[in-house]
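The structure under discussion appears below in the form of structure tokens.
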Amino acid sequence: MNTVITTSNHPPSITGNRQVPEHRGILYIISAPSGAGKTTLCKQIAASVSGLWHSVSFTTRKPRPGEEHGREYFFIEENVFHDMVARNEFLEYAHVYSNWYGTPLDPLMDKMEHGIDVLLEIDVQGALQIRKKFGDAVYIFILPPSMDILRSRLQGRGSDSQEEIVRRLQKVREEVWSFREYHYIIRNVDLTQSLHELQSVFVAERLRTKRMDMAWLERSFMLEKDAKLSEREPSSTL
């Protein structure tokens with residue numbers, strides 16, 4: 001059973017029965033080569049960290065065995081995808097391994113504006129597009145232990161041809177050079193340890209001073225202290 005991690009430096013204000021968020025949600029971007037364990041880790045982090053919404057992307061590729069529409073991806077036809085591009089419905093989109101992938105814009109922005117943190121599980125191309133728009137997002141790169149282990153994982157998956165595996169491995173060699181664009185790198189040797197490290201990133205980012213709600217801090221500590229000092233001071237009489 002997963003332990004749910006809860007951390008927040010942004011206590012919500014209360015207006016009647018409605019909670020009004022005093023901060024914008026944090027955007028977490030996770031990228032990894034195919035076969036590095038990204039999907040498994042993202043599912044586990046979404047289940048174990050409270051106040052986090054896992055965005056589901058759209059894709060034109062066909063579902064793999066065990067995948068469900070709306071869970072791993074929204075699987076759509078290419079003409080539908082391009083119609084969505086024309087309507088500016090994607091935050092980012094990219095052509096990867098002969099298929100299109102896109103991140104829906106409106107649901108993501110709505111969650112963040114309501115103070116909910118968002119997890120995006122996207123490729124390097126998409127992450128670099130978003131970096132131009134969201135400089136304050138948190139970028140995390142997950143890597144396999146080695147290229148040999150990654151090759152074994154891809155071959156063991158049994159869903160790709162040998163030609164496709166060679167192409168994916170070549171792309172990994174190219175994408176690895178983008179590691180400087182990411183704030184954190186997690187080497188996925190052991191799934192349990194990698195999940196612990198990933199959880200630590202989410203906790204640490206929520207505790208950063210720059211994300212602290214200063215209005216709450218002043219109300220709770222500074223202004224209250226000043227008010228009490230003021231009450232203790234004797235009033236002057238003429």
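Tabulated data for the structure shown
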quantity	calculated
Qualifying residues in segment 49-106 (those that are touching a residue at least 24 places away in the same chain (Cβ under 8 Å) and charged (D, E, K, R)) - the one nearest to Ser161 (Cα to Cα)	Arg64
Which numbered condition Ala36 misses (of (1) buried (at least 22 other Cβ atoms within 10 Å of the Cβ); (2) modelled with pLDDT under 95; (3) not in a loop (DSSP other than H, G, I, E, B))	(3)
Scan of segment 138-184 for residues that are exposed (fewer than 12 other Cβ atoms within 10 Å of the Cβ) and under 19 Å from the mean Cα position of the chain (by Cα), ordered by number	Arg180
Tally of residues being under 19 Å from Ile186 (Cα atoms) and either more than 12 Å from the chain's Cα centre (by Cα) or charged (D, E, K, R) (or both) across segment 98-124	3
Total residues in segment 96-125, condition part of a strand (DSSP E or B) and either touching a Cys at 6+ places or on another chain (Cβ under 7 Å) or among the charged types (D, E, K, R) (or both)	3
Hey, Gly135 touching a residue at least 40 places away in the same chain (Cβ under 8 Å) and part of a loop (DSSP other than H, G, I, E, B) or not	no
Flag if Ser178 is modelled with pLDDT under 95 and farther than 27 Å from Gln129 by Cβ	no
Arg168 modelled with pLDDT of 85 or more and within 16 Å of Ser31 (Cβ to Cβ)	no
Failed item in (1) at pLDDT 90 or above; (2) within 22 Å of Glu72 (Cα to Cα); (3) not acidic (Asp, Glu), with Arg206 passing the rest	(2)
Candidates Glu164, Glu181 - the one that is farther than 15 Å from Thr40 by Cβ, in contact with a strand residue (DSSP E or B) (Cβ under 8 Å, 6 or more places away or on another chain), among the acidic types (Asp, Glu) and in contact (Cβ under 8 Å) with a residue 40 or more places away in the chain	Glu181
Residue list for segment 202-224, restricted to those being under 24 Å from the mean Cα position of the chain (by Cα), assigned to a helix (DSSP H, G or I) and among the acidic types (Asp, Glu)	Glu205
Tally, over segment 176-225, of residues that are among the small types (Gly, Ala, Ser) and touching a helix residue (DSSP H, G or I) at 6+ places or on another chain (Cβ under 8 Å)	2
Selection from segment 138-161 of residues that are out of contact with any Pro (no Cβ under 8 Å at 6 or more places or on another chain), of a type in the set (D, E, K, R) and assigned to a helix (DSSP H, G or I)	Asp148, Arg151, Arg157
Single match in Leu120, Leu143, Leu169, Leu128 (criterion: over 22 Å from Glu205 (Cα atoms) and not acidic (Asp, Glu))	Leu169
Test: residue in segment 186-201 that is surrounded by 13 or more Cβ atoms within 10 Å (Cβ to Cβ), in a helix (DSSP H, G or I) and charged (D, E, K, R)	yes
Subset of segment 60-83 (residues that are among the β-branched types (Val, Ile, Thr) and either surrounded by 15 or more Cβ atoms within 10 Å (Cβ to Cβ) or touching a helix residue (DSSP H, G or I) at 6+ places or on another chain (Cβ under 6 Å) (or both))	Thr60, Ile76
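The values are calculated or read from the model by the stated rules, or taken from the named source; none is laboratory data. Worth saying up front: this structure is predicted, and the values here are computed from it rather than measured. Using ideal geometry, Cβ is built from the backbone for each residue, glycine included, and neighbour counts are taken over all protein chains shown.
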